Amino acid sequence: MVFIVLSVLSSFTLHKYFVSLSQIELNSETNRIEIASKYFTDDLIRAIEEASLKKVNFGNGEQDSTTLSLVTKYFEKHIQLNINDSLSIPMHLLGYEDGIKESWIYLESDSIPAIVQELRLTNSSLFNRIEGQKHMIHFKFKDFQSSDILGKDSQQATFSLP
């Protein structure tokens with residue numbers, strides 16, 4: 001019994017690293033940009049609740065329409081994509097997987113122009129509430145891969161395609 005209590009309590013302890021991870025892929029078959037991002041659930045809950053001033057039902061594996069709406073609004077505000085130095089690409093929430101410790105957010109663009117020379121990502125999520133937050137970004141298009149790390153003072157990553 002003591003082991004169970006300690007296990008449950010340890011799953012809610014604060015972590016000392018504040019890092020999210022995003023995989024961005026330019027899908028050449030669908031001409032869409034796909035993003036899968038992993039966040040610490042407790043950080044994501046606090047950020048969305050502070051931004052919306054509403055309680056979210058997140059981190060328990062259950063999804064409801066109110067939380068889906070709050071998550072959508074949060075990421076529409078904090079994730080921006082531009083291609084070829086000017087064209088703004090709206091991203092749409094496909095869904096999310098929420099867990100006790102970590103959660104995945106899935107975004108996708110509408111169809112984009114066939115020729116992409118440059119992609120610029122702006123990700124401001126969590127920066128307004130967590131000092132030291134970092135976002136690791138991995139970008140992939142066919143055989144081309146590149147990575148970058150974003151911070152509060154550098155919230156944009158630009159990837160030039162060969």
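The values are calculated or read from the model by the stated rules, or taken from the named source; none is laboratory data. Just so we're clear, the structure is a prediction, and the values are computed from it rather than from any experiment. With ideal geometry, Cβ positions are generated from the backbone for all residues, glycine too; neighbour counts draw on all protein chains shown.
Quick grid of which residues meet (1) within 16 Å of Phe141 (Cα to Cα); (2) touching a helix residue (DSSP H, G or I) at 6+ places or on another chain (Cβ under 6 Å); (3) surrounded by fewer than 17 Cβ atoms within 10 Å (Cβ to Cβ); (4) free of Cβ contacts under 8 Å to residues at least 24 places away in the same chain:
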{"site": "Leu21", "(1), (2), (3), (4)": "no, no, yes, no"}
{"site": "Ile24", "(1), (2), (3), (4)": "yes, no, no, no"}
{"site": "Asn27", "(1), (2), (3), (4)": "yes, no, yes, yes"}
{"site": "Asp43", "(1), (2), (3), (4)": "no, no, no, no"}
{"site": "Ser52", "(1), (2), (3), (4)": "no, yes, yes, yes"}
{"site": "Asn60", "(1), (2), (3), (4)": "no, no, yes, no"}
{"site": "Thr66", "(1), (2), (3), (4)": "no, no, yes, yes"}
{"site": "Asp85", "(1), (2), (3), (4)": "no, no, yes, no"}
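Any idea which of Ser65, Ser86, Ser109 is over 16 Å from Glu50 (Cβ atoms), among the small types (Gly, Ala, Ser) and at pLDDT 90 or above? Walk me through it before giving the result.
On the way: Ser65 fails: at pLDDT 90 or above; Ser86 fails: at pLDDT 90 or above.
Criteria check complete, one pass: Ser109.
Being at pLDDT below 90 and part of a loop (DSSP other than H, G, I, E, B), is that true of even one residue in the stretch 144-151?
Within the stretch 144-151, the first condition is being at pLDDT below 90, and the residues that meet it are 150-151.
Filter once more, so that each one left must be part of a loop (DSSP other than H, G, I, E, B): none.
No, the stretch 144-151 has no match at all.
Residues in the stretch 103-143 that are among the charged types (D, E, K, R), closer than 17 Å to Ser37 by Cβ and either assigned to a loop (DSSP other than H, G, I, E, B) or in contact with a Cys (Cβ under 6 Å, 6 or more places away or on another chain) (or both): how many?
Filtering the stretch 103-143 down to residues among the charged types (D, E, K, R) leaves 108, 110, 118, 120, 129, 131, 134, 140, 142-143.
Remaining after also requiring closer than 17 Å to Ser37 by Cβ: 108, 120, 129, 134, 140.
Of the ones still in play, those that are also either assigned to a loop (DSSP other than H, G, I, E, B) or in contact with a Cys (Cβ under 6 Å, 6 or more places away or on another chain) (or both) are 129.
Total meeting the criteria: 1.
Just the residues that are farther than 17 Å from Ile89 by Cβ and either β-branched (Val, Ile, Thr) or surrounded by 14 or more Cβ atoms within 10 Å (Cβ to Cβ) (or both), please, taken from the stretch 101-124.
Pass one, the stretch 101-124, residues farther than 17 Å from Ile89 by Cβ: 101-104.
Glu102, Ser103, Trp104, listed by residue number.
Here is a list: Ile48, Ile130. Which entry is at negative phi, at pLDDT below 90 and among the aliphatic types (A, V, I, L, M)? Walk me through how you get there before you give the answer.
On the way: Ile48 fails: at pLDDT below 90.
Exactly one of Ile48, Ile130 is at negative phi, at pLDDT below 90 and among the aliphatic types (A, V, I, L, M), namely Ile130.
Looking at this structure, is Thr72 closer than 15 Å to Ile35 by Cβ, assigned to a helix (DSSP H, G or I), without any contact (Cβ under 8 Å) to a residue 24 or more places away in the chain and of a type in the set (S, T, N, Q)? If you could, list the steps in order and put the result at the bottom.
Details: closer than 15 Å to Ile35 by Cβ: yes; assigned to a helix (DSSP H, G or I): yes; without any contact (Cβ under 8 Å) to a residue 24 or more places away in the chain: yes; of a type in the set (S, T, N, Q): yes.
It is true that Thr72 is closer than 15 Å to Ile35 by Cβ, assigned to a helix (DSSP H, G or I), without any contact (Cβ under 8 Å) to a residue 24 or more places away in the chain and of a type in the set (S, T, N, Q).
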